[in-house]
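Step one of this worksheet: look at the structure below.
Bear in mind these aren't lab numbers, they're just calculated from the coordinates by the rules spelled out. The structure displayed is predicted, hence computed values, not measured ones. For neighbour counting, all protein chains shown are included, and Cβ atoms are generated from backbone atoms with ideal geometry for every residue, glycine included.
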Amino acid sequence: MTRKLLLQITLYTLALATLLAVFGLYTRPEFMLRMANQVWSCF
């Protein structure tokens, strides 16, 4: 494998892990409510 290909695979893996983590948090309504309240309190 070339260095460029390895870097690309690593970045795609990190992006996928991040998306899965965010999706997992969306299944927890209490977390989403807390985040919405924190964002709303900024205004």
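Of note:
- Inter-label distance for Leu11 and Phe23, nm, one decimal - labels placed 7 Å from Cα along Cα-to-Cβ: 2.2 nm
- Gyration tensor verdict on the chain (Cα atoms; rounded if a/c is under 1.5, prolate if a/b is larger than b/c, oblate otherwise): oblate
- Per-residue [θ]222 nm for the chain (sum of -39500 (n - 2.57) over DSSP H runs n ≥ 4, rounded to 500): -29500 deg cm²/dmol
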